[in-house]
Amino acid sequence: MDSGIEIKVMNPRRGDNLVHPVGVGHATSASSAPLSSTSSPLPDERGLRQQQQQEQGLRQGQQRQGLIDFKPLKKWVPWIVPGFVLANIVVFVITMFINDCPKNSVSCVAGFLGRFSFQPLKENPLLGPSSSTLETMGALEVSKVVHRHQAWRLISCIWLHAGVFHILANMLSLVFIGIGLEQEFGFVRIGLVYLIAGFGGSLMSSLFIQTGISVGASGALFGLLGSMLSELITNWTIYANKLAALLTLILIIVINLAMGILPHVDNFAHIGGFLSGFLLGFVFLIRPQFGYVSEKHVPPGYIAASRKPKHKPYQYVLWVISLILLIVGYTVGLVLLLRGVNLNDHCSWCHYMSCIPTSLWSCKSQQAYCESIQYGNQLNLTCISNGKSNIYTLSGERPSQAQQLCSNLCG
């Protein structure tokens with residue numbers, strides 16, 4: 001047996017026994033000679049290591065390309081929705097300050113709040129200001145929009161609320177719905193959906209309900225719900241569990257719209273806001289289709305695995321159709337409103353969309369009309385509808401007090 005033969009096993013892998021002779025003579029099995037760990041790598045070993053490095057680099061490149069293909073969508077920091085909530089609360093506080101119930105009413109609820117106390121529950125069961133104060137602040141009143149050209153009320157009314165319960169319900173809904181949408185799509189698009197849908201709700205309400213006043217952000221909130229539905233439809237390819245998400249969202253929308261058939265709820269504002277938001281979702285909330293990779297996200301030297309177009313053809317079709325319907329609908333609606341058209345005259349059953357009469361309630365609007373006789377600071381009121389009469393003592397000049405007292409007497 002030659003003594004000049006040394007057997008080395010370098011970097012063995014499963015299934016491979018690599019034997020490299022370094023001396024002159026014959027190679028024997030790896031187990032029959034001592035192993036050396038101090039010898040320098042030979043050319044074959046360097047080639048093996050280079051091959052391993054290339055394979056590792058290829059795997060890293062594939063993993064990196066996979067990260068490009070499945071890059072998560074950007075998350076926005078929400079601020080416009082909290083800003084809307086804050087603005088609504090501030091406007092409500094200002095409204096209550098201007099209302100000044102102790103000065104303009106005989107009795108108030110929560111009198112310890114001073115001028116921020118609420119109107120009597122018979123007049124406003126939602127714990128809020130009087131109707132005349134809401135009218136002064138910009139509530140939607142069709143006669144003033146049509147005859148006094150105060151179209152700004154179509155926007156101002158969505159920032160007003162009839163009471164504490166009203167604003168609490170709307171703001172909780174806005175936070176629940178709006179925060180997630182703003183995180184996904186940003187403040188610009190969600191802010192536009194909110195404002196435009198709110199305007200659409202006011203417009204539809206004005207075409208069907210032309211007596212009394214209307215306030216609230218419900219139309220804008222239903223616009224956000226409608227945009228969620230259209231967003232799910234137009235971005236169908238990027239969602240998992242599509243059917244479950246669709247059915248859940250439809251159920252929520254149906255329940256909320258069904259609540260609008262109760263009396264004293266402006267369901268036309270809900271429907272108008274929902275339809276506006278549904279169309280706006282196709283315009284503003286469109287996403288790239290699944291598998292699309294933007295060129296700016298591809299590092300130098302890499303080739304995107306897919307060259308798919310950014311949007312599918314049906315997304316473009318829905319975008320164009322929705323934009324046309326929005327422009328035509330808003331234009332026609334404004335023209336009809338400013339001409340004083342009442343759509344109930346052309347649709348005998350449409351009023352059931354806002355209120356369905358039952359044995360528990362009536363959908364007929366009850367206007368308060370009173371005969372008044374005043375002697376000095378004594379005001380004698382008689383309600384025409386129920387015949388009730390009462391004498392009130394007035395102190396100071398209160399232009400809206402007689403109307404409020406009449407509402408209480410007839411109520």
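The values are calculated or read from the model by the stated rules, or taken from the named source; none is laboratory data. As the structure is a computational prediction, the values presented were derived from the model and not from experiment. Cβ: placed from backbone, ideal geometry, glycine included. Neighbour counts: every protein chain shown.
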When you look at Leu221, is it crowded, with 20+ Cβ neighbours inside 10 Å, among the hydrophobic types (A, V, I, L, M, F, W, C) and under 30 Å from Tyr316 (Cβ atoms), yes or no? yes
Looking at Phe278, Phe290, which is the one that is of a type in the set (Phe, Trp, Tyr), in contact with a Ser or Thr (Cβ under 6 Å, 6 or more places away or on another chain) and at pLDDT below 85? Phe290
In segment 96-149, residue modelled with the lowest pLDDT [restricted to those that are surrounded by fewer than 15 Cβ atoms within 10 Å (Cβ to Cβ) and basic (Lys, Arg)]: Lys122
Turns out the helices (runs of 4 or more DSSP H) fully within segment 140-238 with at least 3 residues that are over 24 Å from Cys350 (Cβ atoms) are 164-185, 187-208, 218-234
In segment 295-307, is there at least one residue being over 20 Å from Leu140 (Cα atoms), modelled with pLDDT of 80 or more and either surrounded by 18 or more Cβ atoms within 10 Å (Cβ to Cβ) or of a type outside the set (Val, Ile, Thr) (or both)? no
Looking at (1) modelled with pLDDT of 90 or more; (2) closer than 18 Å to Ile158 by Cα; (3) within 23 Å of the chain's Cα centre (by Cα); (4) surrounded by fewer than 18 Cβ atoms within 10 Å (Cβ to Cβ), can you tell me which one Phe268 breaks? (4)
Every listed condition ((1) modelled with pLDDT of 75 or more; (2) among the charged types (D, E, K, R); (3) not assigned by TED's automatic domain parsing to the domain that holds Thr133) holds for Glu397 save (1)
Which one of these does Val254 not meet: (1) touching a Phe, Trp or Tyr at 6+ places or on another chain (Cβ under 9 Å); (2) at pLDDT 90 or above; (3) of a type in the set (Val, Ile, Thr)? (1)
